[in-house]
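Down below is the structure, laid out as structure tokens.
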Amino acid sequence: MYSPHFPRVGMSKPPSTAESGRGQSGNGTRSQAEMLEWRRQYNIEKKKREQQEELARKHKEKANQAKLSQMTDQQKKQALAEAQKRSAVDASRAMRGKSAEGEYKDRLRD
């Protein structure tokens, strides 16, 4: 029977915890230096993601402003009414604890 504590003859010995930087128990333990490096990388990527999202949001706002400036007053009123109707429907769904998909499935069952 094979056991990690008694390796078979001729097998190379797995690197020690100090050599590999990780425990051999398989539980994914990391050294403190690895954790700090991972956290640093994660924070850098998170900051980049947030900047991209902010840029996309600003771009979308600009596009919406340009679209609004080209609309007539009647079109603006109609768009506002549609947006309010959508938000009212979403609010009523939230009160009932349903998503749009859940509500659709309920209607299919009826």
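The values are calculated or read from the model by the stated rules, or taken from the named source; none is laboratory data. What you see is a predicted model; the values in this text were computed from it and never measured. All Cβ positions, even for glycine, are placed from backbone atoms using ideal geometry, and neighbour counts span all protein chains on display.
Considering every residue within segment 22-30, establish whether at least one is part of a helix (DSSP H, G or I) and either surrounded by 10 or more Cβ atoms within 10 Å (Cβ to Cβ) or on the phi > 0 side of the Ramachandran plot (or both). It would help to see each step written out before you state the result.
Step one: filter segment 22-30 for residues part of a helix (DSSP H, G or I), giving none.
No: segment 22-30 contains no residue that is part of a helix (DSSP H, G or I) and either surrounded by 10 or more Cβ atoms within 10 Å (Cβ to Cβ) or on the phi > 0 side of the Ramachandran plot (or both).
Just wondering, is there one or more residues in segment 58-67 that are among the hydrophobic types (A, V, I, L, M, F, W, C) and in a loop (DSSP other than H, G, I, E, B)?
no
For segment 30-83, what are the residues that are of a type in the set (Gly, Ala, Ser) and either touching a His at 6+ places or on another chain (Cβ under 9 Å) or modelled with pLDDT under 95 (or both)?
SER31, ALA33, ALA63, ALA66, SER69, ALA79, ALA81, ALA83, listed by residue number.
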